[in-house]
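To start, the structure itself, in structure tokens.
The values are calculated or read from the model by the stated rules, or taken from the named source; none is laboratory data. Everything quoted here is computed from the prediction, not taken from an experiment. Here Cβ is always computed from backbone atoms with ideal geometry, including for glycine, and neighbour counts include all displayed protein chains. Note: accessible area is taken over every heavy atom of the protein model, side chains too, but ligands, DNA and RNA are not part of it. Shrake-Rupley method; radii C 1.70, N 1.55, O 1.52, S 1.80 Å.
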Amino acid sequence: MTAVIRAARGGLGGRRLQAVIIGLVALAATAASTLAVGMLVDAHSPFDHAFATQHGAHVTATVDTSVATPAQLAATTRLPGVSAAAGPFATVSAGRPAPLQIVGRLSPDGPVDDLTLDSGHWAENDKQIVLSRTASDEFGSTVTVGSQKLAVVGVADSVTNTAQAWVLPSEIARLGGSAGSGQAQMLYRFAGAGTSSAIAADIALVRAALPHGALLNAVSYLNVRQTEQSDIAPWVPFIIAFGVIALAISVFIVVNVVSGAVIAGTTRIGVLKSIGFTPPQVVASYVLLVAVPALLGCIAGAVCGNLLAIPLLRQNAHVYEVGVLGIPFWVDVTVPLAVLALTAAGAVPPALRAGRMSAVQAIATGRAPRSAHGYFAHRALARLTGVPRAVTLGLAAPFARPARTVVTVLAIVFGAAAVTFGAGLATSLDRAFADVSQASSLPVQVRAIPSAIPPPGHKISVGMSAAQQHTVTTALAAQPGTRRYLQETGDDLNLPGLVNPVSVTAYGGDPSWSGYALISGRWYSTSPKAAEVVVNTLFLTDTATSVGSTYTLVSGGHRTTVRIVGEVFRPGNDVEMYLSAATLATVDPGSAPQQYDVALRPGTDTQAYANALSAALGNSYYVSTDGGGDKNLIAIVTLIAMLTILIMIVAGLGVLNTVALQIRERAHDIGVFKAIGMTPRQTLAMIVCSIALVGLVAGIVAVPAGIYLHHQVLPTMAHAANSGIPQSLLSVYAPWGVVVLALAGLLIAVAGALGPATWAARTRTAFALRAE
């Protein structure tokens with residue numbers, strides 16, 4: 001073993017550049033894989049991490065304090081199975097510019113629902129309020145409740161969204177008047193709460209312990225957990241794709257590095273064999289030559305991966321409201337070991353080739369290419385008299401080492417395919433967020449402010465009176481920036497064959513103005529006689545229907561049969577249906593418009609328009625703007641860009657290694673060329689051209705490969721979000737864009753070759769001749 005270690009150490013000393021490349025490749029691959037796997041793990045369980053850390057509530061209960069006494073509520077905290085409880089916290093439902101569920105708490109700490117303060121501090125007097133993360137996006141520095149103005153002094157996070165705002169208990173009595181009086185919040189943790197049936201049994205136990213009618217509402221943490229995890233699940237497929245690409249490129253590069261080391265050290269292998277090294281010892285020495293720098297690179301890569309993950313995980317924690325995220329320790333251990341194992345495995349085949357050589361064969365062969373390789377290409381290209389000879393020499397060089405060229409092409413193909421895939425994925429996600437959020441089509445919404453809002457878990461549904469509708473439409477018509485608007489009526493209907501209520505939306509106008517993309521079919525007709533609906537993919541899945549099927553809507557004593565004419569792109573866990581106001585009136589005659597969605601004229605500033613409209617309507621209406629999920633999009637696109645750049649770096653290092661090996665093998669030839677008059681610029685052109693053709697070919701091959709990957713991964717992401725995918729999200733590659741992306745391989749090749757090529761161009765002739 002000592003002899004093997006000495007041989008490997010000697011090999012490393014003679015090939016410092018290759019050792020550095022191996023270390024850098026391992027570093028970049030480990031960093032990319034640690035980042036990808038860490039994000040993947042946190043994509044599966046961020047809610048569970050935050051729930052455990054913040055002692056989240058398994059059940060958030062709203063109780064009527066006029067029915068249940070404090071003693072009766074306290075008794076529920078001692079029920080069998082209750083492991084912890086907090087409350088009662090008095091609540092009110094009030095606030096402007098939007099209604100808030102406000103809870104009175106002395107501090108953010110507690111045995112249940114331990115709130116995390118993102119910024120600021122907890123309320124210290126009755127004139128202060130703390131907002132949740134979601135509410136803080138809609139409010140400024142103050143919140144108006146009745147005649148009081150409360151200063152926003154902090155932003156806090158409740159992992160199960162138990163409230164939208166918190167004040168001191170003494171302030172609750174002054175807020176909301178009768179709107180929220182007589183209600184309080186109880187938070188429970190149970191010993192066994194892992195399933196819906198267990199939660200249902202726990203809620204039934206609490207309900208039975210209280211007087212009849214005291215328990216107004218109970219929300220399970222499983223509902224929030226399912227929503228949070230389904231929001232992150234679509235991103236898992238592309239993270240896996242990037243991780244696999246990074247590992248594949250790393251293996252190709254390692255094979256190339258070790259093959260080059262074997263070729264360059266063929267004479268040395270013969271010497272080792274002649275002094276008694278056995279084939280296994282030769283193999284071990286070359287594997288060790290790779291493993292040592294790879295180990296150092298893997299350790300550094302794990303550190304870099306964690307550093308790169310910090311801003312992304314912080315952003316994702318904010319987006320998904322799940323507290324603090326971090327890469328688990330087991331990922332920091334497993335990923336470097338896996339990359340090291342793959343690196344060593346990639347080194348074994350060329351090392352075995354070295355082990356099988358006889359001493360005489362190795363010493364006699366040297367490191368020159370076989371005589372049959374490359375001569376035909378050199379002769380053919382030499383006939384191109386209109387092309388500089390330095391260029392033709394470079395273009396013919398890859399044919400001298402066909403195996404190495406193939407491996408290099410594959411590494412560049414994976415890198416350029418990652419660029420194509422990443423560019424297409426970012427464009428598709430940008431379009432998807434715009435389609436889902438209506439940020440581009442209907443960026444402004446107008447609602448009447450309700451006098452009270454229902455308890456957590458219930459949908460706000462406030463129909464506008466005829467007078468309110470007239471006020472809104474008059475104000476919209478008076479605004480010069482108004483292009484058009486849609487009257488929107490929302491409802492929840494319990495329909496046959498579905499366990500959960502269906503979210504129903506009726507537009508008072510052309511539904512295509514909504515901006516939602518159709519996966520198949522068409523929008524429903526606005527004719528009062530046409531009983532047509534458009535549904536999302538989850539509706540079709542849950543009801544076993546398809547576009548063209550009929551479906552019977554039943555609500556109370558009302559029934560009507562409709563035809564499904566379109567499938568709309570609305571991913572998520574909610575079953576959704578879109579229909580005309582006339583069709584909705586047949587099953588819910590009492591429904592009334594609740595919102596106006598406004599499209600703006602080109603060039604109109606959205607926020608300025610919203611401010612002007614809000615001033616015109618007064619305090620009885622709430623005007624909001626659709627941000628389009630920018631935080632989610634920024635987090636995901638940042639991750640895509642970071643992984644793409646890391647993979648390009650890894651591919652560039654592979655090119656650098658290939659060019660360095662070429663220069664090492666052709667050092668004497670380069671010296672001869674310089675001696676007969678080749679200038680440094682011609683030397684640089686020759687070496688860059690030796691890899692440019694390879695990069696161009698790889699880029700051309702990579703474009704269809706990247707597009708194919710995009711077309712496979714994107715539907716998988718949509719399926720994870722319970723949706724099909726419209727063609728508009730797949731057709732994102734413009735002809736000019738394809739041409740630009742085809743040059744990605746050339747860019748990677750040239751960028752990787754410039755360093756060693758510049759060194760070779762500057763090398764003195766005498767030094768190059770002695771390098772043999």
Ranking M686, V739, A720 by how far each Cα lies towards the positive end of the charge dipole of the range 620-760 (+1 on Lys and Arg Cβ, -1 on Asp and Glu Cβ), the top one is M686
Student exercise, the range 599-747 dipole from Lys, Arg, Asp, Glu Cβ charges, in Debye to nearest 20: 400
Could you go through the range 506-519 in sequence order and give the Karplus-derived ³J(HN,Hα) for each residue, using 6.51 cos²θ - 1.76 cosθ + 1.60 with θ = phi - 60°, rounded to whole Hz, and x for Gly and Pro? 10, 9, x, x, 5, x, 5, 5, 4, x, 5, 7, 9, 7
Could you sort H470, H558 by their accessible area in this structure, using a 1.4 Å probe and putting the largest first? H470, H558
Could you sort R681, R174 by their accessible area in this structure, using a 1.4 Å probe and putting the largest first? R681, R174
Percent carbon-and-sulfur accessible area, the range 687-772, ignoring ligands, DNA and RNA, probe 1.4 Å: 73
What's the extension gain from S465 to L337 if we count 0.36 nm per residue and subtract their Cα-Cα distance? 39.5 nm
Ranked packing of 65-74, 79-88, most packed first, by mean Cβ within 10 Å: 79-88, 65-74
By per-residue mean of other Cβ atoms within 10 Å, what is the highest-first order of 515-526, 647-658? 647-658, 515-526
What FRET efficiency comes out for A734 versus T604 if R0 is 25 angstrom and r is the Cβ-Cβ distance? Round to the nearest 0.05. 0.35
Please turn the phi angles of the range 75-83 into ³J(HN,Hα) values with the Karplus equation 6.51 cos²θ - 1.76 cosθ + 1.60 (θ = phi - 60°), one per residue in order, whole Hz, x for glycine and proline. 5, 5, 6, 10, 5, x, x, 7, 8
For R389, R225, the accessible-area ranking with a 1.4 Å probe, largest leading, is R389, R225
Send over a whole-number figure in Å² for the accessible area per residue of the range 473-596, probe 1.4 Å. 42
So, taking all protein chains as they sit and a 1.4 Å probe, how much accessible area belongs to Y733, in Å² rounded to tens? 50
Mean projection area, nm², convex hull over Cα of the range 539-648: 12.4
